[in-house]
1. Could you list, in sequence order, the residues of the stretch 18-34 that are assigned to a strand (DSSP E or B) and either of a type in the set (Asp, Glu) or over 21 Å from the mean Cα position of the chain (by Cα) (or both)?
2. Among the residues of the stretch 146-166, how many are closer than 30 Å to Phe182 by Cβ and not β-branched (Val, Ile, Thr)?
3. May I ask you to verify whether Asp280 is exposed (fewer than 14 other Cβ atoms within 10 Å of the Cβ) and within 25 Å of Thr128 (Cβ to Cβ)?
4. Restricting the first residue to the stretch 152-176 and requiring it to be acidic (Asp, Glu), which pairs with a second residue that is surrounded by fewer than 21 Cβ atoms within 10 Å (Cβ to Cβ) meet a Cβ separation below 6 Å and a spacing of at least six or different chains?
5. Kindly provide the set of residues from the stretch 208-248 that are touching a helix residue (DSSP H, G or I) at 6+ places or on another chain (Cβ under 7 Å) and either part of a loop (DSSP other than H, G, I, E, B) or polar (S, T, N, Q) (or both), ordered by number.
6. Quick one: is Ile154 surrounded by 14 or more Cβ atoms within 10 Å (Cβ to Cβ), under 25 Å from Thr94 (Cα atoms) and either among the aliphatic types (A, V, I, L, M) or under 17 Å from the mean Cα position of the chain (by Cα) (or both)?
7. Which residues, taken from the stretch 111-132, are of a type outside the set (S, T, N, Q), in contact with a Leu (Cβ under 7 Å, 6 or more places away or on another chain) and over 17 Å from Ser220 (Cα atoms)?
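The values are calculated or read from the model by the stated rules, or taken from the named source; none is laboratory data. All of these numbers come straight from a predicted model, not from anything done at the bench. Cβ atoms come from the backbone with ideal geometry, glycine included; neighbour counts cover every protein chain shown.
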Amino acid sequence: MKIVFFGSGAFGLDTLEQLAREHTITGIVTQPDRKAGRKKVLTATPIGAWAGEHLPDVPIAKPENINADHPRELIRMWEADAWVIIAYGQYLGTKLLQDRFAINLHASLLPRWRGAAPINAAMVAGDTLTGNSVITIAKSMDAGFVLGQTKRPIEPDQTMGTLHDLLAADGPALVQSVLDDFAHDRVNYQEQDETLVTIASKMTKSDGWIDFDADARLVSAKINGLSPWPGVSVQHRDEVLKVNRSQPSDVESQQTPGTIIDAVEGLVVCGHGTMIQLLDVQPPGKRSMEWKAFANGRKVQIGEILVGKSGA
């Protein structure tokens, strides 16, 4: 099958690699190179960098506006049986999509968590199940017909970064299944239930503070759901400490939320007598480390208070 692939973020890499092995990639569309890092070096997207190295003979388009006349006409000239879109980052207009079988891999169980940050949103909300959906492209964001789904549990100590990679690895088989259905004229188009729609807004650094007065399950879900980006921080003594991974604890305490009741194990009081266990933290200017190593190095004491905030 001849495929045109649209993607920018790393979430689509696993699927692109498999498609390149099993099909003919006739074109790649990705976001333009952007300046990145402290030195503002012009940097390709993860998809653009991989394609440049592994598919040197495949044309790559990097339009600022994919719906402008020139890029639209160029891309539509590429031979293709299907278009696969994963974390591309631009809206695809009606003129571009006309008469094309185009599918999008989205990291949620639609209609739950339409939008820019579905993995973060599912975790922060305390969901215990998520997955991937392959959908058609619609005028409204992520509102197309569902063509296939896979499911995956969200573990209590799992970070967004870990779950992102697992869902990305689930993507190739699901996309291939839908392509097989298309090739054999058996695609099942399922409408989404609009009454069940939730929106996953893009996360920012201002989301990266926690409220220890909340239940431990939700506090831990937010920590893990925002790790590694944008990250969750608390105030410990005179420094801002980034908390990278945690899990709810079965231990209970009626002490003040934010109080450390076990310095070695990293047990911290949350609302309603609940407790979380801090697993990995990151002091300013340092790499992430296990809580025990941090506590030993800082000589953390029982009764110290971690101060959370509701906004940066």
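1. Initially, the stretch 18-34 is screened for residues assigned to a strand (DSSP E or B), giving 24-29, 34.
Residues satisfying the conditions are Thr24, Ile25, Thr26, Gly27, Ile28.
2. Residues in the stretch 146-166 being closer than 30 Å to Phe182 by Cβ and not β-branched (Val, Ile, Thr): 10 in total.
3. On the way: exposed (fewer than 14 other Cβ atoms within 10 Å of the Cβ): no; within 25 Å of Thr128 (Cβ to Cβ): yes.
When the stated conditions are applied, Asp280 does not pass them.
4. Asp157/Gln247; Asp170/Thr150
5. Keep residues of the stretch 208-248 that are touching a helix residue (DSSP H, G or I) at 6+ places or on another chain (Cβ under 7 Å), which gives 210, 212, 221-222, 224-228, 230, 232, 243, 245-248.
Ile210, Phe212, Asn224, Leu226, Ser227, Pro228, Pro230, Ser246, Gln247 - these are the residues of the stretch 208-248 that are touching a helix residue (DSSP H, G or I) at 6+ places or on another chain (Cβ under 7 Å) and either part of a loop (DSSP other than H, G, I, E, B) or polar (S, T, N, Q) (or both).
6. Details: surrounded by 14 or more Cβ atoms within 10 Å (Cβ to Cβ): yes; under 25 Å from Thr94 (Cα atoms): no; either among the aliphatic types (A, V, I, L, M) or under 17 Å from the mean Cα position of the chain (by Cα) (or both): yes.
In short, no.
7. Correct list: Pro111, Arg112, Gly131.
Residues are listed down the side, and each one gets a yes or a no for (1) within 21 Å of Gly9 (Cα to Cα); (2) of a type in the set (Lys, Arg); (3) at pLDDT below 95:
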position	(1), (2), (3)
Glu155	no, no, no
Asp165	yes, no, no
Ser177	no, no, no
Asp193	no, no, no
Thr198	no, no, no
Ser201	yes, no, yes
Thr204	yes, no, yes
